[in-house]
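One structure below.
The values are calculated or read from the model by the stated rules, or taken from the named source; none is laboratory data. This one's a predicted model, so the numbers in the text were calculated from it and none came from an experiment. Every residue, glycine as well, gets a Cβ built from its backbone with ideal geometry; the counts of neighbours run over all protein chains shown.
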């Protein structure tokens, strides 16, 4: 059972004895399902050393609501499996009575106590539990959780985000002075044609801003694009209709269209019935929009925003009535369907870039250039990181390992 | 003024939420925001629901085509509100849960909403097939690649696909279709997903900044209107 | 009653399916029922969860709740034409909060996290990776890199840059193909579920 | 005969058929069809032949319409319900990993299962849930159910009810509150998970039917994730596995596996690679494999034949579509 060839036969023997007692005690445990500290029988009193060096310390970067507790596990827990059944953590608030707040499995040596208040002080006792009873440590010194005002753990997130937002803002400023180059995006080039075609055919335009509410950035992206094209629609005097699935989106879309019509000099064309609320229910909304599509037969359909499973139902129905369809979403799972069933698709980032691109406003275009700085940074880090970590792990080059460690500490989000 | 105050609110709230991530006492702000949002959304429903009723009543009054169906919508709407808000048709007293078994509200969900939802969802099966038939053609190199990847996954996830390449010896097992499907999922698919995700992340950053700085502001309507 | 309910469910199920043939009165009826019932259903759920659940049952003393309610009331000002513009305030609040919240959120999970995950030894730790894994790792690194090139806005896709962007597109296409394949599988299961209801639960034809 | 009349006729015939079948079910004289092996093979052959005819027509330049495609999808999913054919199911590594992860849990382990789906996604996830409960109850694992989707806990109850009918499980006489608990639904998406990290009770003051948290023996001593041995998430979207991994796994170190709809599954593969998820069940295929591993035959296995047929039909139509395309292309060149 034990390999006792070393010198420390004495230790081995004692372990053996304790283990024997322990196995007896386990059978006792099996009989009495719950851990009951009062079960003490003469033959198998199981004594365990209490946990030592129990320290309560400040939990970093919180709002004065947590403390960290650490201890050295009972020596018996370390030596013999199954002797210590659990650790119980007791807490006394403002010098009051101890109450049990947590029971942990053996082998644990730390615990974080949340839900505390900065106004009180706390002291803790940790007890090792065996079948025979509890063996408690000394109480820790009383301590109050403190509030930290800045989370230094997130400094890198802050600095990199700051770098990229600064880059975007820098280009927004520069763009006002000189025109920046932005490449063509296929779907966007087609928008004007699509609006024009609807006008020529004397048919309407359907705009769908996705099925999420205003608390999704994709919906906001959809609405900003709507803001850019509603003006053209008003100028061409084409009929626009927009069933939506959220009340707030309805309100915001009305404001957007009203403003665009105003800017285009056609405020008379605006009326509230352009935007109608249908239902919040995903498929209820789709059932209605599908019906409307086959009955109204719009010449052009815009699907720009957050889409889920309904993407293909809408896009296929739109396709079956022969509409020109321009779609865009940042949900990777739905992109293939838009690509299959629509004429043009804005892929992920392009959806967010679209409104800037369409506006032709220098400041908005500048922000696209700023985004590219972020991409360049990501590409650079990936390149360096992959090379460095490959070299470091394959040939154990110290310097490369340093690079890798630095990078992973900077980009770590855990 | 009508536009200045909202622009300031957007700027202020946006900046506050960005900073809150780095300041522990403000960490729960994001959570509070979702709470606000949920409550505002309920209030906003009065606008949406009101619009729904108005649209259908107008359709009915003006005897527009299909006005008969508007009656159905209005009756359904009224019925479910009565059953849900006033707990009409609930077994037990007013304190019992609105979703209690046997309540009109819950039964409407089970036998009306659920079949409608599920069937609408199931229509996708048909559309997936017709879209594949019509659109998935090896028109150019890109389309061919898409087609091949889809083909392998489709085959790889069925016992038939497994049987098809089971003869390939174990040392080349990667070329068995199911393994190939998994490899595609884990490698090239992952790479594409990542590129899209990083792009989206940066797109959101830039878009959010434009909103916070007031460069995009059509959603706030026009000063004159 | 039970017989009636299951027939209703079957009637609605087939009504929706009839849309595949063409738009018809049966479908229109189902659509009308769907819109009316579901709009109300959502409101009822929202009401009990967010208004009753939070103001009455939950921690009613939370001042945060009242700020939310206040903003909600401002939203309703829209119904009063003269001061309708006040409703832009809660809207501005929502847009600001959404923008701020997602800026950092997306940046951290979509940018930082993905970059961090892509940094990995191509040959595995201490050459431990097999040939297929090595190829896989290289593919991931190359694919992510070239995919990003495709999304570049401020440079024309020409020359070496254009070629890399082209490789990027290939990777995107594989991703789309893979998503498509998986989705077909999922959608077919939904149809199976529905037909199981019709032929199994309703008509009892499936053994 | 006008189209309208034909349509009415079809509806009338179908109605008569339905009424007879339903009557048969209620009266008990109809207990289901099963094609013999020969008939099954004949049906398969007929489908293949008709597809070949379509292929031939396409080569002749006659394209078929959408409705024909729809019809084929309907047929290819329905007919296999009645066929007596069997197919071999191969276990994929991620399902094996998942099973191994659950199999190593000792009896008495506390398992948290989050039900984040609604009835429309049930065809894929319900079979998983059933075989999961079946495994847990047979192996004396204690199950706590929660849901971040409103209808999730109800789906869990349905699965539990069904599993309880099994003889082996009924014999165990499992007690609600001691062996399993359904804590119900809570709004708040990932914030619920975050709060559960410090205190379950604050998010679930009562269970599904209103019993206070502290009166449920199983959860009375469960404070947070540190008291949970294993987590399993059934997910059909947001909030779902991604959120569970980001919060419960990354922050609180929960050991977790997941069952996803086939659409969701690809997005979770990176988590398996990084070890954040211990295995995954993807779609009906995953459900069937899990059923095979746990030694039960449920709807996952039963409907896999329909699934395979449907895939084949889609593949066939992609091929026909491409044939049409290349044929058309050649014509243009000439």
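Odds and ends about this structure:
Let's see how each residue does on (1) surrounded by fewer than 19 Cβ atoms within 10 Å (Cβ to Cβ); (2) farther than 18 Å from residue A:131 by Cα; (3) under 34 Å from the mean Cα position of the chain (by Cα):
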| position | (1), (2), (3) |
| --- | --- |
| A:77 | no, no, no |
| A:85 | no, no, no |
| A:91 | no, yes, yes |
| A:96 | yes, yes, no |
| A:99 | yes, yes, no |
| A:105 | yes, no, yes |
| A:116 | no, yes, yes |
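- The condition (being touching a strand residue (DSSP E or B) at 6+ places or on another chain (Cβ under 7 Å) and under 22 Å from residue A:191 (Cα atoms)) is satisfied by just one residue among A:318, A:265: A:318.
- Residue pairs meeting the criteria (Cβ under 6 Å; at least 6 apart or on separate chains; first in contact (Cβ under 8 Å) with a residue 24 or more places away in the chain, in region D:82-104; second assigned to a helix (DSSP H, G or I) and exposed (fewer than 14 other Cβ atoms within 10 Å of the Cβ)): D:84/D:37
- Residue count for region A:351-363, restricted to those that are at the interface with chain B (Cβ under 8 Å from one of its Cβ atoms) and surrounded by 24 or more Cβ atoms within 10 Å (Cβ to Cβ): 5
- Within region D:65-90, the set of residues being touching a helix residue (DSSP H, G or I) at 6+ places or on another chain (Cβ under 6 Å) and within 10 Å of chain B (Cβ to nearest Cβ) comprises D:66, D:69, D:70, D:72, D:73, D:76, D:77, D:87, D:88, D:89, D:90.
- Residue list for region A:57-81, filter: outside any strand (DSSP E or B) and over 20 Å from residue A:118 (Cα atoms): A:73, A:74, A:75, A:76, A:77, A:78, A:79, A:80, A:81
- Scanning region A:82-100 for residues that are assigned to a loop (DSSP other than H, G, I, E, B) and out of contact with any helix residue (DSSP H, G or I) (no Cβ under 8 Å at 6 or more places or on another chain), we see that the one that is farthest from residue A:121 (Cα to Cα) is A:97.
- Exclusive hit being within 32 Å of the chain's Cα centre (by Cα) and within 26 Å of residue B:69 (Cα to Cα), set A:274, A:321, A:313: A:313
- Qualifying positions in region B:187-208 - at the interface with chain C (Cβ under 7 Å from one of its Cβ atoms) and either out of contact with any helix residue (DSSP H, G or I) (no Cβ under 8 Å at 6 or more places or on another chain) or closer than 16 Å to residue C:102 by Cβ (or both): B:197, B:198, B:199, B:200, B:201, B:202, B:204, B:205, B:208
- From the list C:9, C:39, the one residue that fits, being part of a helix (DSSP H, G or I), within 8 Å of chain B (Cβ to nearest Cβ) and touching a residue at least 24 places away in the same chain (Cβ under 8 Å), is C:9.
- Residue match in region B:8-19 (condition: at pLDDT 95 or above, in contact with a strand residue (DSSP E or B) (Cβ under 7 Å, 6 or more places away or on another chain), surrounded by 17 or more Cβ atoms within 10 Å (Cβ to Cβ) and assigned to a helix (DSSP H, G or I)): no
- Entry remark, region D:48-63: residues being surrounded by 14 or more Cβ atoms within 10 Å (Cβ to Cβ) and in contact (Cβ under 8 Å) with a residue 40 or more places away in the chain number 5 in total.
- Restricting region C:49-80 to residues that are out of contact with any helix residue (DSSP H, G or I) (no Cβ under 8 Å at 6 or more places or on another chain) and within 27 Å of residue A:284 (Cβ to Cβ) leaves a set whose member that is nearest to the other protein chains (Cβ to nearest Cβ) is C:53.
- Scope region B:50-69; condition at the interface with another protein chain (Cβ under 7 Å from one of its Cβ atoms) and assigned to a helix (DSSP H, G or I); matching residues: B:51, B:52, B:55, B:69
- Region B:174-186 - residue that is within 7 Å of another protein chain (Cβ to nearest Cβ), more than 26 Å from the chain's Cα centre (by Cα) and at pLDDT 80 or above and, of those, surrounded by the fewest Cβ atoms within 10 Å (Cβ to Cβ): B:183
- Screening region B:20-49 for residues that are within 7 Å of another protein chain (Cβ to nearest Cβ) and not in a helix (DSSP H, G or I) and picking the one that is surrounded by the most Cβ atoms within 10 Å (Cβ to Cβ) gives B:21.
- Filter pass, residue D:81 being over 30 Å from residue B:117 (Cα atoms) and assigned to a helix (DSSP H, G or I): no
- Residues of region A:177-192 satisfying the condition of being in contact (Cβ under 8 Å) with a residue 40 or more places away in the chain and either within 11 Å of another protein chain (Cβ to nearest Cβ) or over 16 Å from residue A:366 (Cβ atoms) (or both): A:180, A:182, A:185, A:186, A:187, A:188, A:190, A:191, A:192
This table checks each residue for (1) outside the structural domain of residue D:159 (by TED's automatic domain parsing); (2) modelled with pLDDT under 95; (3) in a loop (DSSP other than H, G, I, E, B); (4) more than 26 Å from residue D:240 (Cβ to Cβ).
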| residue | (1), (2), (3), (4) |
| --- | --- |
| D:21 | yes, yes, no, yes |
| D:49 | yes, no, no, yes |
| D:63 | yes, yes, yes, yes |
| D:67 | yes, yes, no, yes |
| D:108 | no, yes, yes, yes |
| D:114 | no, no, no, no |
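- For residue A:155, the criteria (1) over 15 Å from residue A:69 (Cα atoms); (2) in the same structural domain as residue A:65 (by TED's automatic domain parsing) hold in every case but one, which is (2).
- If you check B:153, B:145 for being in contact (Cβ under 8 Å) with a residue 24 or more places away in the chain, within 16 Å of residue C:173 (Cα to Cα) and within 7 Å of chain C (Cβ to nearest Cβ), only one passes: B:153.
- Here residue C:113 does not qualify as over 26 Å from the mean Cα position of the chain (by Cα) and either surrounded by fewer than 23 Cβ atoms within 10 Å (Cβ to Cβ) or within 7 Å of another protein chain (Cβ to nearest Cβ) (or both).
- Some residue of region D:212-235 being in the same structural domain as residue D:105 (by TED's automatic domain parsing), more than 17 Å from residue D:110 (Cα to Cα) and in a loop (DSSP other than H, G, I, E, B): no
- Each residue in region C:153-195 was checked for being more than 7 Å from every other protein chain (Cβ to nearest Cβ) and in a helix (DSSP H, G or I), and 9 pass.
- For region A:322-331, the criterion of being buried (at least 24 other Cβ atoms within 10 Å of the Cβ), facing another protein chain (nearest Cβ under 8 Å) and more than 22 Å from residue A:234 (Cα to Cα) is met by at least one residue.
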